[in-house]
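Undergrad: One structure is given below, represented as structure tokens, and several questions about it will come after.
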Amino acid sequence: MRWGLGSVTAAIAAVLGAFGLPPIIAPAFRHTKSPWSPIGKIGAPEAGQADLALQGQVVATTFTRTLTDAFMPPQAQQTAVFVVNLGNGQFDVFDARCTHLGCPVSWNQSTNEFYCPCHGGVFNMQGNVVAGPPPRPLDRYEWKVQDGVLYAGGLYRVKGES
Amino acid sequence: MDAAPERQDVAPEQGQGWLEERLGLRRVARRVLDRPVPEGVTWFHCFGGLTFFTFIVLVVTGIVLAFYYVPSPDHARASVAYIDSSLPFGSLVRNLHRWSAYAMIVLVFLHMVRVFVHGAYRKPRELSWVVGVLMLLAVLALGFTGYLLPWDQKGYWATNVGINIAGSVPVVGTYLADLLRGGHELGALTLLRFYALHVFVLPLLVGVGLVAHFAMIRKQGISKPL
Ligand code: HEM
Ligand code: FES
């Protein structure tokens, strides 16, 4: 009986745990696909829009994605990015959040560097870490050009390099 | 037929009021509350009790807030604004909850420092210390999860940064962060699981810890001051 009570308790705990934990953990492993969303037309920008045809320059802009957050109705969400037109139809689309702890970085035209206000992280125009605590270069969005329009796709990380 | 034996186990006590006559609560209260304390107990010994007091205030005001708060991105802010501005005494309850939370963090640290300075964690009270540390973690987690619930800019970004700190843990960091967020982006599921942790899981953990903490203090008494 001494032995029995303990193992019955353990069995109940094990069964409850087996059914209780998976639904709590599961969302952490679910990957949602990001839809391709237009950032803007390349060239001849409309008033108030960023000029994506400018080459070799960092352009701060936002694009709008329609995302579904769990049980919420699909919602348009603004995402801040930095676009660099590298020429030859090549682009870099950087996520604006610092890879240290996620503060928004800003582009400094005079020093040609991205600055993070939180702990002094500095990135160069290629997104690589120049100074401060960020552990990896700026994250990037997949991009594609279709009918003269630049699109952003999924967010991805690049490994540290210097 | 056997005659029912006369019951003798409850001694009739006369002239003590209706309840007392039946239940003898005074004796129970004396047994529970009248404990010998060592000589030379100081005001610093009150920090544990004060921490417990703030915990009670937090539980009561938290229950009231739970009658009105909605843990969903599209209603959290509005429901908090309603508590603040439209609900009679709502802002009082909300501010009591908020300030008690600050006070509890301060007091629990003062209590810990008191115990440390007095060396009260030494044998045989090691387990009181260990349970105390676990409660400390739960209390800090309560502060962290509660901060997000108003779903305002400050809470949103503080949580963003806090989860990113968890994400910087070697090897398991990214999983830990995704687990806390309930996904790769901070959103509805984050708010909901912080809510569940804040109102169910963590208070329960602290409650269980307190039972153990107090049981040990009763069993062992407070340590002799230095
Ligand atoms: C959740 C918050 C806590 C509450 C409500 C609480 C409450 C109490 C109370 C009422 C006492 C009686 C003596 C006194 O007040 O000093 C006590 C004793 C004690 N507490 Fe806590 N406590 C908490 C957290 C902690 C923490 C974080 C630690 C250490 C890491 C700790 C370690 C101890 C120890 C070792 C004793 C025995 C002290 C002695 O015998 O002199 N407690 N606690
Ligand atoms: S968040 Fe950018 S440097 Fe810390």
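Quick grid of which residues meet (1) of a type outside the set (Phe, Trp, Tyr); (2) touching a residue at least 40 places away in the same chain (Cβ under 8 Å):
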{"site": "B:VAL32", "(1), (2)": "yes, no"}
{"site": "B:PRO36", "(1), (2)": "yes, yes"}
{"site": "B:PHE44", "(1), (2)": "no, yes"}
{"site": "B:THR51", "(1), (2)": "yes, yes"}
{"site": "B:VAL60", "(1), (2)": "yes, no"}
{"site": "B:SER79", "(1), (2)": "yes, no"}
{"site": "B:SER91", "(1), (2)": "yes, no"}
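Undergrad: Now for a separate question. For B:PRO73, all conditions in the list (1) closer than 27 Å to B:ILE105 by Cα; (2) touching a residue at least 12 places away in the same chain (Cβ under 8 Å); (3) within 14 Å of chain A (Cβ to nearest Cβ) hold save one; what is the number of the exception?
TA: Only one criterion in (1) closer than 27 Å to B:ILE105 by Cα; (2) touching a residue at least 12 places away in the same chain (Cβ under 8 Å); (3) within 14 Å of chain A (Cβ to nearest Cβ) is unmet by B:PRO73, namely (1).
Undergrad: Okay, moving on. For A:ASN85, state whether it is within 16 Å of ligand 2 (Cβ to nearest atom), surrounded by 13 or more Cβ atoms within 10 Å (Cβ to Cβ), of a type in the set (S, T, N, Q) and more than 24 Å from A:LYS33 (Cα to Cα).
TA: The answer is no for A:ASN85.
Undergrad: Something else about it: Contact list please: Cβ distance under 8 Å, first residue in region A:100-119 and closer than 24 Å to B:LEU186 by Cβ and at the interface with another protein chain (Cβ under 10 Å from one of its Cβ atoms), second residue assigned to a strand (DSSP E or B) and more than 9 Å from ligand 2 (Cβ to nearest atom), pairs at least six apart or on different chains.
TA: A:PRO104/A:ALA80
Undergrad: Taking the condition under 24 Å from A:GLY154 (Cβ atoms), assigned by TED's automatic domain parsing to the domain that holds A:THR62, surrounded by fewer than 18 Cβ atoms within 10 Å (Cβ to Cβ) and in contact with a strand residue (DSSP E or B) (Cβ under 9 Å, 6 or more places away or on another chain), does A:GLY121 pass? Let's see the steps before the verdict.
TA: Numbers: under 24 Å from A:GLY154 (Cβ atoms): yes; assigned by TED's automatic domain parsing to the domain that holds A:THR62: yes; surrounded by fewer than 18 Cβ atoms within 10 Å (Cβ to Cβ): no; in contact with a strand residue (DSSP E or B) (Cβ under 9 Å, 6 or more places away or on another chain): yes.
So A:GLY121 fails the test.
Undergrad: So, one more: If I ask for residues that are in a helix (DSSP H, G or I) and farther than 19 Å from A:ILE25 by Cα, which ones from region B:163-178 would you list?
TA: B:ILE165 - this is the single residue of region B:163-178 that is in a helix (DSSP H, G or I) and farther than 19 Å from A:ILE25 by Cα.
Undergrad: Filter region B:135-160 down to the residues that are among the aliphatic types (A, V, I, L, M), buried (at least 16 other Cβ atoms within 10 Å of the Cβ) and in a helix (DSSP H, G or I) and list them by number.
TA: If the condition is that a residue be among the aliphatic types (A, V, I, L, M), buried (at least 16 other Cβ atoms within 10 Å of the Cβ) and in a helix (DSSP H, G or I), then B:MET135, B:LEU136, B:ALA138, B:VAL139, B:ALA141, B:LEU142, B:LEU148 are the ones that fit.
Undergrad: Check whether at least one residue in region A:91-101 is more than 17 Å from A:ASP51 (Cα to Cα) and surrounded by fewer than 14 Cβ atoms within 10 Å (Cβ to Cβ), and report yes or no.
TA: No, because not a single residue in region A:91-101 is more than 17 Å from A:ASP51 (Cα to Cα) and surrounded by fewer than 14 Cβ atoms within 10 Å (Cβ to Cβ).
Undergrad: Residues that are among the aromatic types (Phe, Trp, Tyr) and farther than 30 Å from B:LYS154 by Cβ: find the strands (runs of 3 or more DSSP E) completely inside region A:1-108 holding 1 or more of those.
TA: Of the strands (runs of 3 or more DSSP E) lying wholly inside region A:1-108, those with at least 1 residues that are among the aromatic types (Phe, Trp, Tyr) and farther than 30 Å from B:LYS154 by Cβ span A:90-95.
The values are calculated or read from the model by the stated rules, or taken from the named source; none is laboratory data. Nothing here was measured: the structure is a model prediction, and the numbers come from that model. With ideal geometry, Cβ positions are generated from the backbone for all residues, glycine too; neighbour counts draw on all protein chains shown.
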